[in-house]
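Accompanying notes for the structure given below.
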């Protein structure tokens, strides 16, 4: 398949230009005609020298959430303006700046052009479009409100990305401080303590306090068996990385996160906010309650909460309202089930849950700031105590020597 640059006129008598892929010039012209464009100029795109030499590891294959949001908003606008879906996809394919997304759109455009439904075409690319996206698009196509559903999808994705960003920003500074603390500790124990220990040992004639002896033994072990420490560290990292990819590993991680004071508050509020907004979006799109629960459960990203929601789905399938099993949850705050019950009684579940999502998104922001303000002084104190212990172990013998002299 070669790339062709084209200039063409549409039904609106305006000129359109871009690039498309085709087997030859005739096929490129045929593609433009099928898109209801009248080709004026079609030229094969000539690659610049060296343009084909790409460094694969510098090119990201993953589609970024930002690119999906932009694509969704623009596609919604074009469909709302009355542009045919095939032509909208072709335009988006030529305009997107993401090479990863462009590759998916090439295949999606071909499928839609051949008569495949948009949701089914998207379902062939799960690495770019998740189950929430696909199910909402399918519901939008069935209800003839695809443009409105796409707007809601873009908003839901933006809010979801903002939540993840808040959690990451809240944890970045503490993790940096922990990293600095570990590096400082190893640097002192490996380079500073052995030299000072030798000097103090010579001056004191071998008579050292217990704390100093323990510190010197630790330093000696770390400098002598450094390869064991590196091997253990690398092995631990590899083991944890593989373990956390398993179902059991994720369950253990999620259980620990829900038990750590401070962090568990953010995890729960973030999960509630994501649950409320995703579930509300699916209900608005016309997805059934059971399907909405199952899709939301898998999208939250916490296996403990996923289990609770899947158990609730079984009770809903037996005829119970969703608010009943949710009221017995060990994770979801009581206000969530209460608000959901009001929504079920009034028939405005989606509207009520959007308000819950807005509330908890603000709560996540406040909790993240609170966690940072608590962890920062705590980690500084830990670092100070560590340095103080090392300093006391070294300066103690020197102080004793000066008193003896």
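The values are calculated or read from the model by the stated rules, or taken from the named source; none is laboratory data. Please read all numbers here as calculations on a predicted model, not as lab measurements. When we count neighbours, we look across all protein chains shown, and the Cβ atoms used for this are built from the backbone with ideal geometry, even at glycine.
Could you tell me which residue of segment 109-132 is farthest from residue 274 (Cα to Cα), considering only residues that are surrounded by 20 or more Cβ atoms within 10 Å (Cβ to Cβ) and in contact (Cβ under 8 Å) with a residue 40 or more places away in the chain?
This residue is 128.
For segment 145-174, which residues satisfy the criterion of being over 22 Å from residue 64 (Cβ atoms) and modelled with pLDDT under 80?
173, 174
Is it true that some residue in segment 133-140 is without any contact (Cβ under 8 Å) to a residue 60 or more places away in the chain, buried (at least 21 other Cβ atoms within 10 Å of the Cβ) and farther than 18 Å from residue 296 by Cα?
No, segment 133-140 has no match at all.
Any residue in segment 105-125 that is assigned to a helix (DSSP H, G or I), modelled with pLDDT of 85 or more and in contact with a strand residue (DSSP E or B) (Cβ under 9 Å, 6 or more places away or on another chain)?
The answer is yes, given that some residue of segment 105-125 is assigned to a helix (DSSP H, G or I), modelled with pLDDT of 85 or more and in contact with a strand residue (DSSP E or B) (Cβ under 9 Å, 6 or more places away or on another chain).
Looking at segment 7-58, which of the residues that are in contact with a helix residue (DSSP H, G or I) (Cβ under 6 Å, 6 or more places away or on another chain) and farther than 19 Å from residue 83 by Cα is modelled with the highest pLDDT?
42
Specify the residue that is surrounded by the most Cβ atoms within 10 Å (Cβ to Cβ); the eligible residues are those in segment 302-329 that are closer than 21 Å to residue 270 by Cβ and touching a residue at least 24 places away in the same chain (Cβ under 8 Å).
Step by step, filter segment 302-329, then rank; the result is 309.
Can you spot a residue in segment 309-322 that is assigned to a helix (DSSP H, G or I) and within 24 Å of the chain's Cα centre (by Cα)? Talk me through it step by step, then tell me what you get.
First, pick out the residues of segment 309-322 that are assigned to a helix (DSSP H, G or I): 309-317.
Still in the running and within 24 Å of the chain's Cα centre (by Cα): 309-310.
There is at least one residue in segment 309-322 that is assigned to a helix (DSSP H, G or I) and within 24 Å of the chain's Cα centre (by Cα).
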